[in-house]
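Dropping a structure here in structure tokens format, bear with me for questions.
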Amino acid sequence: MFSFLMAKEECISQRNKTEHSSILRNRKNIPTSLKTSQAPFTSVSKDKISQTAGHSSEDDNQSSNGSSAQLFTRRHGESPVKVLLLLVVGLSFSTRLYKITEPPHVCWDETHFGKMGSYYINRTFFFDVHPPLGKMLIGLAGYMTGYDGTFPFIKPGDKYEQHNYWGMRGFCAVLGSFLPIFAYLILLELSQSHTAAFISAILLIFDTGCITISQYILLDPILMFFIMAAVLSMVKFNQQRYRPFTASWWFWLVLTGVNLAGAFGVKFVGLFVILLVGLNTIWDLWRLLGDLSLSLVNSRIFIILLIVLMSDVRGSTILLVFFLAGGRCKALPGSSCWTHPASTLPLRYNICSALCCFEQKVGMIVECRVIIANLINYDMMMSHTLFEWSLLFCLASGPGDGFFSSAFQSRLMGNNLYNASMPEYLAYGSTITVKNLRIAGGYLHSHWHLYPEGVGSRQQQVTAYSHKDYNNLWLVHRQDDNNSQSGSPDLVRHGDIIRLEHKETTRNLHSHLHEAPLTKKHFQVTGYGINGTGDTNDLWQLEVCGGRKGDLVKVLRSKVRFLHRATGCVLYSSGKTLPKWGWEQVEVTCSPYLKETPSSQWNIEDHINPKLPNISLSVLKPHFLEILLESHIVMIRGNSGLKPKDNEMNSKPWHWPINYQGLRFSGVNETEYRVYLLGNPVVWWLNLASLGLYLIMVAVASITIQRGFSLGPKRIEQSQVLMRGGGLLLLGWLLHYAPFYTMGRVLYYHHYFPAMLFSSMLTGITVDILLNSADLLLQPPYSDWMQRVGQMVLLLSVLYSFYLFHPLSYGMTGPLAHEPGSTMAGLKWMDSWEF
Amino acid sequence: ISAMLQLPLVVTAQVDLVLVLVSLLALWTRLSRLSYPNAVVFDEVYYGQFVSLYMKRVFFIDDSGPPLGHMILALGAYLGGFDGNFVWNRIGAEYPSSVSVWSLRVLPALCGALCVPLVYLLTLELRFSHLSALGAAVLLLLENSLIVQSRFMLLESVLIFLVLLAFFSYLRFHNAPTSSWFRYVWLLLSGISCAAAVGVKYMGLFSYLLLLGVAFLHTWNLIGDQSLNVCVQCVCRVVCLLVVPVLLYVFWFYLHLSLLNRSGPHDQLMSSAFQASLQGGLSRITQGQPLEVAYGSQVTLRSSASQPIPCWLHSHKANYPVRYENGRGSSHQQQVTCYPFKDVNNWWIIKHPGHDGGHMVDTPPRPVRHGDVIQLVHGMTSRFLNSHDVAAPMSPHAQEVSGYVDFNVSMPAQNLWKVDISNREAESEVWKTILSEVRLVHVNTSAVLKLSGVSLPDWGFRQLEVVAEKLFKAHGSSLGWNVEEHRYGTSQEPKEREAELHSPTHIDVDRKISFWAKFLELQWKMLAVKQEESEHKYSSAPLEWITMETNIAYWLHATTNAQIHLIGNPVSWGVANLSLLAYQLLAAVYMLRRRRGFKDLPDAVWDQFVCLGCVCVGGWVVNFVPFLLMEKTLFLYHYLPALCYLYLLSPALLEHTHTHLLSSSVTHRCALCVCVSAVLLSVFVSYRTFCPLTYGSPELSANQLRGLRWRDTWDILYRRR
């Protein structure tokens, strides 16, 4: 049983020997060593191993003689490289930069990202769900090209007039132009074949979708630039594997880190490429571990690679630091309702922090932290003029601080908890807000609406709400309710029995033996009674966590629990979102399980009692890492909270590879200038077909090898390229595509583009090898012809389809495609396309 | 011949007495006093209704799983002579004497009991010793949660039995000498039990995939073996493990559909064609309807979408409000909605645009074809179905659809609709009752009549909104409509027509759709139907199962404290978790060391170790991890299949430790023996402790019950006296 594994073991140890010898013989011949370190499919019995080894040595000779150069254009022939590369560069820049200023109005999401770029130029705070790097770069590009940040970017379709918008668009387009070039270089490394590299570059150059998405002020071209650059430097680094610690080794290693940081700093999707590189590193380590010629103790490579792996894992953490430095402002109120010109975050500081994070990738964690700490201090000094009360108004309408814990808020200038001043100990008769201690937990909240029929009893709803609101205010009463005493009020102590009255509606916080609306194991919490008169179910015992009888309740710092007197349950926030009847606020229940979790712990955040003196309070400062974690959890919640609206046409992940439906960038009617984001159908369907083809080819190749058929050196090399290079690209495609199936947030067509890059590169390899295998069917001269014809047909059909569909990217006017007289008549191949 | 008749006739039999013993014990623990709580226990209330429907042969659709499981339960009921006349309405309801409780529960209990010897045999097939096998059997035997789950009319025990059987027979096949052809019987058995497992619950699919993975690895090795001709072998495997299971899976549905041929409460979810194939129900109405829709036909139009609810195109004498709540204006014309009940207002007349009269069918009837332009007249109010460039009430991005009222406000009638038969390739160009799926395209605006699925507010009587949407925006089944009830109109005058509409249709024709069409539709509906998300009082999250955070109260005696809970044996549960951790740790260490060339284990032992991991840890993973991604309401009993794999793992891992890791010193071995016996003893003790909650007797006092509440999070009920 499982003798396969055993055989694999033997095979690996055998292989290592050959590999080692080949390294000694010719250290620089990378393709050869790649070839010999073949996947475990190679062989089962010992004689087969020798066979394979024989092949590879034979192959060695051949390739060093250059006799197989006619099959593949080798990298020895330098001139075609340069010609092809120059061609790719020229074509890609000219297709992307052509008509860059058209249309001269705001298109699609330019309204967001252009606006955010302007904010950076104007140094205004804002709130967004994406990390800051992309928007900073856009801002920088605009700044450098003379855009003054005054254009409001209110809605798509607004004319730019005299504003200098071309700089930002041009910057994105330049980054987008690098994609085909990177694809070319990556494939050259992976497959050593110019044909494959050229095919995938052509596919990307003439894909209308890639052109369109590169030409506007969007985050996607920047993101894809970093993704491709990261993959390229990773592939280059893999090539340096046998020359550790040389300058180029370090160069590509550091560059990989920088690009990963860049990708993740633009959008969270960058995480997937970090995963790809991480998996590649793990595989590399596993390979090195099996290399018995390297001693573990002395092997610096191993240790260094381990560090690389760690830094990949840490990469995300580091980026969070980066994110915090640049994106700290997002904890402040939404720009839609409030902008505060005094509280600025200087651009250069953000860039500085970005740079220092890159350095940190190679180990300078301490310095970075110092710089960031300084940054925060600097900002705090700068924006000392705060108007606290206007904040409350503002926060009622926009997203803001309320999402964060009290401790976090106290670190944000502009927040009422920053240098808070309030009575220190909770007293009877005070007006308070109560905040849950779960990460991103809400305030205890109630409003006039009742629970609907069928959900427990029809009493007033009590929820947890993340925004600051007057309905979060509660009054603290004694159980026997006489708060009209004069003099200084009594303080509340641990173990006291209190009643909480909702200030706006004068209902008491109440619980009873009905099932809670969502968490059926818990009891329902309602608002009950009128003007403070209720029943015994309104009584709650207040406990300070870790406190003893008689302890006072410290505002902001004490963690408290509310135990229901009648049923013994504890006030609990489950974190589940109520349906529409509950305004999609968070459920509050009374849990019979008394385990201490943050969900059942609360703190008193605001405390207003005119009879007590206000004291300046220092809130417990959260740890640096806690801030990181919290800000990210809030961001990610914000991201996944982007749920589709009822009437919105929701794009499904399965739509994307078949090019089912595009996105309108500009214009709807016949009179308008229309740009439609849609991939070149020929390219996309070719990609789809070659995914299937690739799987079939790999299956055939691996069965042939496993069955031990003797193959020529060319075939062996091809199957190597197919499995290793193609495998890497397939993994990249999967990592950038499959996760979308599990996402609950609203999805758009353009989310597929990073995956599409990998898919196109895979097509390059697949088609090239398929055409190269023409000699399986035909005799040599004919097979060469067939190969040439195939390449020509491919090239021409891509070019012709680009000619047909280019108005999608470069804009079209006149009647829609299904109407007579349209320039696009007859091109609406699918009903779902909307041009 | 003489040799064959030679005497004496000798039968030599080898009986594994241990196996017999554990089997008997298993039967005793699972089958004794099986009919004891003579009341509906927990999910019996759910499965029971389906058993009743089987007995009455009434069609139903259950999205929780394929039909084989229900059919097995129904078989037990059938053998016990259950007639289906029992209302399964609440947990704890007493069974009447006419219901044979024993026979309802015996099949799952039998399966549960057979799991124990099966685990014993499976351990042997994994090439571990009889002692390990005995250990695994004992762990399974004394697991309270498995006993509880087996003793009632529930499906988990059946699923576990089938999955274990599949692995056992596959390994039997794999371990048998290559020369014997008899081993393919085992392979076939493995395929059959896989199909049965998937047919009982969809969770079985993951175990099936794991088995396929293991079989693939073996086959892959086989391909590498150049001394063999592998073609036949590969084909045999593919047939037994792929083709047979798929065919059998379809066969379960064939049985299901041929057993259930009467219409019932779930008909509404299915298409009209499907409903028409069931006895009673729609077929009673539609029998004898004219097949081809003609100008002048009176029809009801049913939306092809079953979301949110199946409904018919409807209109009534009420207009859209002049202003909606949000201040937007409407056309103030007559409402057109979609109504989920049969009603005389669902009738529409198909009219030729040119004809002035045209409310009657000509002789011979002129059928409506694909591409024809028609008008639709509402039968009771004679308003024309109309649409125009006014925003719809709830979906403002789409056009309003109304019954046209001429208010003389420069809003001309736009009441022409083009008939677009979307399944004309399969059926025909002619519009047919029930069979044709039709899209109605508005001629003036080329928008399509669509059910938006939103409920109208009170002014629309909470009926569903119907809109006209631009073709490219809308897609899917919400666009399609089909004619359900149909007759040729014979009266021109509105008064006569009203009377005609009130009278029922009848003429005779019978329509059958093929099994495949029914199968595909049923399968699709089962996967697509979403149940209301609601948390149950005893539901739990997957991560809580590992530590057995929650229990489930299955049954409580009406007057006393006697009760049954799904609580596992805490000691065995701990042992299982420990062995899972230990295996992963050990495997990681072994792998790293082997990679560096240290071979701690001989290859044969390493293979055995890997195989153990693939089956047991793999089995745990595939039966546990998918739940983490599911959004269903989950219960502790979903964890039981995964748990069984861990019970299989623990003794085998112990044996491995004993033989290969422990030094041979006597003290170590003695210490291990003592430890093992102590653990077994405590397993037994905790089994005994929880027995009252497992079997529901004897009744415990409140104090004793409080003592059994080992974790704060368990809900054990006491009566206040």
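Counting only residues that are crowded, with 17+ Cβ neighbours inside 10 Å and charged (D, E, K, R), which one in segment B:283-337 is modelled with the highest pLDDT?
B:Arg302
Let me ask you something else. Restricting the search to segment B:41-85, which residues are surrounded by 19 or more Cβ atoms within 10 Å (Cβ to Cβ), farther than 29 Å from B:Val246 by Cβ and among the hydrophobic types (A, V, I, L, M, F, W, C)?
B:Val41, B:Phe42, B:Phe82, listed by residue number.
Do we find that B:Gly199 is touching a residue at least 60 places away in the same chain (Cβ under 8 Å) and open to solvent by 10 Å² or more (accessible area, probe 1.4 Å) in this structure? Can you show your working first?
Working: touching a residue at least 60 places away in the same chain (Cβ under 8 Å): yes; open to solvent by 10 Å² or more (accessible area, probe 1.4 Å): no.
Answer is no for this residue.
Within segment B:364-375, is there a residue that is at pLDDT below 85, assigned to a strand (DSSP E or B) and within 19 Å of B:Gln414 (Cβ to Cβ)?
no
For segment A:171-198, how many residues meet the condition of being closer than 19 Å to A:Leu795 by Cα and out of contact with any Leu (no Cβ under 7 Å at 6 or more places or on another chain)?
So the count comes out to 5.
Checking B:Ser677 against (1) within 30 Å of B:Ala39 (Cβ to Cβ); (2) open to solvent by 40 Å² or more (accessible area, probe 1.4 Å), which test does it fail?
(1)
How many residues are more than 14 Å from every other protein chain (Cβ to nearest Cβ), farther than 15 Å from B:Tyr324 by Cα and open to solvent by less than 70 Å² (accessible area, probe 1.4 Å) if we restrict to segment B:392-412?
So the answer is 6.
Would you mind stating whether A:Tyr741 is more than 14 Å from chain B (Cβ to nearest Cβ) and aromatic (Phe, Trp, Tyr)?
No; evaluated as a whole, the condition is false for this residue.
Could you list all residues from segment A:571-596 that are within 12 Å of chain B (Cβ to nearest Cβ) and under 23 Å from A:Lys554 (Cβ atoms)?
A:Leu594, A:Glu596
To continue, here is another question. Can you find even one residue in segment B:555-575 that is in contact (Cβ under 8 Å) with a residue 40 or more places away in the chain and either within 11 Å of another protein chain (Cβ to nearest Cβ) or of a type in the set (Asp, Glu) (or both)?
Checked against the condition, which is being in contact (Cβ under 8 Å) with a residue 40 or more places away in the chain and either within 11 Å of another protein chain (Cβ to nearest Cβ) or of a type in the set (Asp, Glu) (or both), segment B:555-575 yields no hits at all.
Restricted to segment A:433-462, and to residues that are among the charged types (D, E, K, R) and more than 32 Å from the chain's Cα centre (by Cα), which residue is farthest from A:Gly529 (Cα to Cα)? Steps first, answer last, please.
Here is the first cut: in segment A:433-462, the residues among the charged types (D, E, K, R) are A:435, A:438, A:453, A:458.
Filter again for more than 32 Å from the chain's Cα centre (by Cα), leaving A:453, A:458.
On the way: A:Glu453: 19, A:Arg458: 13 Å.
Once the filter is applied, the top-ranked residue is A:Glu453.
Give B:Ser207, B:Ser179, B:Ser227, B:Ser169 a once-over and let me know the one that is away from chain A (no Cβ under 14 Å), open to solvent by 60 Å² or more (accessible area, probe 1.4 Å) and of a type in the set (Ser, Thr, Tyr).
Every option except B:Ser179 fails the conditions.
Say whether the condition of being of a type outside the set (Val, Ile, Thr), part of a helix (DSSP H, G or I) and buried (at least 18 other Cβ atoms within 10 Å of the Cβ) is met by at least one residue in segment A:100-110.
Yes, segment A:100-110 contains a residue that is of a type outside the set (Val, Ile, Thr), part of a helix (DSSP H, G or I) and buried (at least 18 other Cβ atoms within 10 Å of the Cβ).
Same structure again: In the set A:Ile274, A:Ile199, A:Ile217, which member is over 16 Å from A:Ser92 (Cβ atoms) and open to solvent by 10 Å² or more (accessible area, probe 1.4 Å)?
A:Ile274
Moving to a separate point now. In segment B:432-451, what residues are crowded, with 22+ Cβ neighbours inside 10 Å, of a type outside the set (A, V, I, L, M, F, W, C) and closer than 20 Å to B:Asp389 by Cβ?
B:His442, B:Lys450
Here is a follow-up. For segment A:713-766, name all the residues that are more than 23 Å from the chain's Cα centre (by Cα), open to solvent by 10 Å² or more (accessible area, probe 1.4 Å) and either touching a residue at least 60 places away in the same chain (Cβ under 8 Å) or within 25 Å of A:Leu663 (Cβ to Cβ) (or both).
Listed by number, the residues that qualify are A:Pro713, A:Lys714, A:Ile716, A:Glu717, A:Gln720, A:Val721, A:Met723, A:Arg724.
Among the numbered conditions (1) surrounded by 20 or more Cβ atoms within 10 Å (Cβ to Cβ); (2) within 14 Å of chain B (Cβ to nearest Cβ); (3) assigned to a helix (DSSP H, G or I), tell me where A:Phe805 comes up short.
(2)
Something else about it: Provide a single number: the residues in segment B:597-642 that are within 13 Å of chain A (Cβ to nearest Cβ), part of a loop (DSSP other than H, G, I, E, B) and open to solvent by 40 Å² or more (accessible area, probe 1.4 Å).
Of the residues in segment B:597-642, 8 are within 13 Å of chain A (Cβ to nearest Cβ), part of a loop (DSSP other than H, G, I, E, B) and open to solvent by 40 Å² or more (accessible area, probe 1.4 Å).
Which count do you get for residues in segment A:505-551 that are assigned to a strand (DSSP E or B) and open to solvent by 40 Å² or more (accessible area, probe 1.4 Å)? Before the answer, list the steps.
As a first pass, look at segment A:505-551 and keep what is assigned to a strand (DSSP E or B): A:508-515, A:523-528, A:530, A:533, A:540-544.
If we keep only those that are open to solvent by 40 Å² or more (accessible area, probe 1.4 Å) too, we end up with A:513-515, A:523, A:528, A:530, A:533, A:541, A:543.
Qualifying residue count for the region: 9.
So, one more: Any residue in segment A:168-183 that's among the hydroxyl-bearing types (Ser, Thr, Tyr): show its pairings with residues that are open to solvent by less than 10 Å² (accessible area, probe 1.4 Å) at Cβ separation under 6 Å, as long as the two are six or more apart or on different chains.
Hits for this filter: A:Ser177/A:Ser92; A:Ser177/A:Arg96.
Do we have B:Leu257 as at pLDDT below 90, under 29 Å from B:Phe519 (Cβ atoms) and away from chain A (no Cβ under 14 Å) here?
yes
Separate question: On the given criteria, is A:Gly568 within 14 Å of another protein chain (Cβ to nearest Cβ), under 19 Å from A:Lys595 (Cβ atoms), open to solvent by 10 Å² or more (accessible area, probe 1.4 Å) and not in a strand (DSSP E or B)?
Yes: the conditions hold for A:Gly568.
Right, next: Looking at segment A:495-502, can you tell me whether even one residue there is out of contact with any Lys or Arg (no Cβ under 9 Å at 6 or more places or on another chain) and either more than 29 Å from B:Lys632 (Cα to Cα) or in contact (Cβ under 8 Å) with a residue 40 or more places away in the chain (or both)? Steps first, please.
Taking segment A:495-502 first, the residues out of contact with any Lys or Arg (no Cβ under 9 Å at 6 or more places or on another chain) are A:500, A:502.
Subsequent filtering for residues that are either more than 29 Å from B:Lys632 (Cα to Cα) or in contact (Cβ under 8 Å) with a residue 40 or more places away in the chain (or both) retains A:500, A:502.
Looking through segment A:495-502, at least one residue is out of contact with any Lys or Arg (no Cβ under 9 Å at 6 or more places or on another chain) and either more than 29 Å from B:Lys632 (Cα to Cα) or in contact (Cβ under 8 Å) with a residue 40 or more places away in the chain (or both).
Counting only residues that are closer than 11 Å to B:Ala137 by Cβ and either β-branched (Val, Ile, Thr) or touching a strand residue (DSSP E or B) at 6+ places or on another chain (Cβ under 8 Å) (or both), how many does segment B:104-123 have? It would help to see each step written out before you state the result.
Initial filter on segment B:104-123 (closer than 11 Å to B:Ala137 by Cβ): B:115-123.
Narrowing the set further to residues that are either β-branched (Val, Ile, Thr) or touching a strand residue (DSSP E or B) at 6+ places or on another chain (Cβ under 8 Å) (or both) leaves B:116, B:119, B:123.
Counting residues in segment B:104-123 that are closer than 11 Å to B:Ala137 by Cβ and either β-branched (Val, Ile, Thr) or touching a strand residue (DSSP E or B) at 6+ places or on another chain (Cβ under 8 Å) (or both) gives 3.
Now for a separate question. One residue is enough: does segment A:809-817 have a residue meeting the conditions part of a helix (DSSP H, G or I) and modelled with pLDDT under 90?
Among the residues of segment A:809-817, at least one is part of a helix (DSSP H, G or I) and modelled with pLDDT under 90, which makes the answer yes.
Which residue is least open to solvent (accessible area, probe 1.4 Å), if the candidates are limited to segment A:664-700 and must be within 13 Å of chain B (Cβ to nearest Cβ) and aliphatic (A, V, I, L, M)?
My answer is A:Leu678.
May I pose another question? Show the residue pairs meeting these rules: Cβ distance below 7 Å; 6+ apart or different chains; first residue within segment B:83-111 and part of a loop (DSSP other than H, G, I, E, B); second residue among the basic types (Lys, Arg).
B:Gly84/B:Lys56
The values are calculated or read from the model by the stated rules, or taken from the named source; none is laboratory data. Quick caveat: nothing in here was measured; it's all calculated off a predicted structure. Don't worry about glycine lacking a Cβ; one is built from the backbone with ideal geometry, like all the others, and counts go over all protein chains shown. Side chains included, ligands, DNA and RNA excluded: accessible areas come from the protein's heavy atoms. Shrake-Rupley method; radii C 1.70, N 1.55, O 1.52, S 1.80 Å.
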